[in-house]
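The values are calculated or read from the model by the stated rules, or taken from the named source; none is laboratory data. Here the structure is a predicted model, which is why all the values come from computation and not from measurement. No Cβ is skipped: glycine too gets one built from the backbone with ideal geometry, and neighbour counts run over all protein chains shown. These accessible areas exclude ligands, DNA and RNA; they are computed on the full protein's heavy atoms, side chains included. Shrake-Rupley method; radii C 1.70, N 1.55, O 1.52, S 1.80 Å.
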Amino acid sequence: MDTRGRPLDEIRARLREARARDTPFASGRILGSMCTAPHPVALEAWRLFEEANLGDPHLVPGARALEEAALGSLGALLRAPPGGRGVFVTGGSEANLTAVLLALRKRGGREVVLPESAHFSFDKACSWLGLRQVTARVKADGTVDVDDVAERLGPQTACVVGIAGTTELGAVDDVPALGRVCAEAGVPLHVDAAWGGFVIPFARRLGRRLPEFDLAVPGVTTLGVDPHKMGLAPIPSGVLFARDARDFEPLAVPSPYVSVERQPTLQGTRNGAAPAATWAVMEHLGIEGYTQVVRQCLAVTDRLAKGLEAAGFPPAIPPPLSIVVFRVADPAQARARLREKGWLLSLAPLTGGLKVVVGPHVTAEAVDAFLEVLPSCAEAA
Ligand code: 0PR
């Protein structure tokens, strides 16, 4: 920052130059992201509400009403019961941290039982909260072995985690079976549906056989879902639901001077544009619109899986949803070579390969172009 500041055209030139170095979703070359280009109506809503601070809701009753409406719609999609409550958070990491803390306050204990496939945000949550992770085995289909979970429960278990759409494979844990085990043991069950929450309900409508995973499943106590992933909302937009609204109480502290008496979530000053944008895109697309998005992603996934098979890189498992993982001889090197050619993929460390997340920004043409370059960058394992 200069003492006298700098002219606007200089600032704008610098902004454009920096942005030109980024890879936009519109390039079709971002193949490893669980986020995607926000829907235009979400961006419109964002711009209208960009100064709104929901940390002081009496300033912004309009934004507050949209937040409530968005939580209502999302709660209906994920079948939250009447006594439940949803809160906006910044994304899956905050949802998972908050859910673990909520379970800890409800039940006590020093351990979290979670699948090997759990996102690293649980490492963070456990490390920050001083809890021990007890890891349950994952089966060949990428879902957690529920018997193994049951064996690992004990008096020190604060909660169990199930995943509806794992980060690496998009696998959907058998949440009903986990719910039975947890209900019997009196242990809270948190479902991480950060990515899958906006995929599974629509894939099920398209006839995919997938387990139920939402708040109507007996035993599920909390559930996290990220509109900023497959909900097509801008970042940051995450939601955490609790089956019982009272579960948030132990986390709440008094905050009387900011027009809301108690705050149960991490943020004080908090973005009102995110709920408004989330409301706008959900309301505009509706169930049919999201189903169409998922239909397209599944079709492109299928094309990619067949193309990989033909190119000698068969998918490690048949894609449960719209994530494809394939083994290569040297994943880090293959990823670096692909990056040199402009293709951005993620590693799949549990499988020993590369991962492609087929979001709405990944077109059939992009997949075909990617399949052309892949053999020059990777060797099959
Ligand atoms: N739970 C699951 C199942 C996730 O996959 C993720 C993130 C989280 C929780 C955490 O969510 P936040 O990152 O919103 O806090 N999964 C992706 C990952 O870490 C996120 C991602 C998104 C990665 C875009 C790359 C990227 O380009 O792999």
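Laid out as a table, the results:
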read-out	value
Mean separation of Cα contacts under 8 Å (6+ apart) over length of segment 80-183, as relative contact order %	27
Contact order normalised by residue count of the chain, Cα under 8 Å, 6+ apart, percent	23
For segment 352-359, 3J(HN,Hα) per residue [Karplus equation, 6.51 cos²θ - 1.76 cosθ + 1.60, θ = phi - 60°, Hz, x = Gly/Pro]	x, x, 10, 10, 10, 9, 8, x
C-alpha center-to-center spacing [segment 287-328, segment 136-213] in angstrom	21
Residues whose placed amide H lies under 5 Å from that of ILE317, excluding near-sequence neighbours	VAL325
Vicinal HN-Hα couplings computed from phi for segment 88-93 (Karplus, 6.51 cos²θ - 1.76 cosθ + 1.60; Hz; Gly/Pro x)	7, 10, 7, x, x, 5
Pairwise FRET efficiency - ASP244 versus SER27, Cβ, R0 = 56 Å, nearest 0.05	0.80
Radius, Kirkwood style, for the chain when every pair of distinct Cα atoms is counted (Å)	21.8
Built amide H within the under 5 Å cut-off of VAL89, gap 5+	GLY238, VAL239, LEU240
Positive-pole candidate from VAL112, ALA369, PRO188, dipole of the chain, charges at beta carbon	ALA369
Pairwise label distance in nanometres, ALA311 with ALA252, each label 7 Å out on the Cα-Cβ vector	5.3
Low-density loop cleavage sites - trypsin sites (Lys or Arg not before Pro) in segment 122-217, where at most 11 other Cβ are within 10 Å (DSSP)	ARG209
Under 15 Å, Cβ to Cβ, from GLU94 - net charge with Lys/Arg +1 and Asp/Glu -1	0
Carbon + sulfur, % of accessible area of the chain - ligands and nucleic acids excluded, 1.4 Å	53
Debye intensity ratio in log₁₀ form over the Cα atoms of segment 303-381, taken at each q of 0.19, 0.22, 0.25 Å⁻¹	-0.73, -1.02, -1.39
Simple spin-label estimate for ARG105 and ARG6 in nanometres, 7 Å along Cα-Cβ	4.5
Calculated from backbone phi, Karplus (6.51, -1.76, 1.60) coupling profile of segment 328-340 in Hz, x at Gly/Pro	9, 4, 9, x, 5, 5, 4, 5, 5, 5, 5, 5, 4
Dimensions in Å of segment 180-247 - Rg and Dmax from alpha carbons	13.1, 39
Förster-model FRET efficiency, 51 Å R0, GLN292 and LEU266, C-beta, rounded to 0.05	0.90
Set LYS124/LYS229; LYS306/LYS355; LYS124/LYS341; LYS106/LYS229 screened for pairs whose C-alpha atoms are more than 24 Å apart	LYS124/LYS341; LYS106/LYS229
Loop trypsin sites (Lys or Arg not before Pro), segment 1-106, which have at most 13 other Cβ atoms in a 10 Å radius of their Cβ (DSSP)	ARG4, ARG21
Separation in nanometres of the label points that stand 7 Å from Cα toward Cβ, at HIS58 and ARG79	4.1
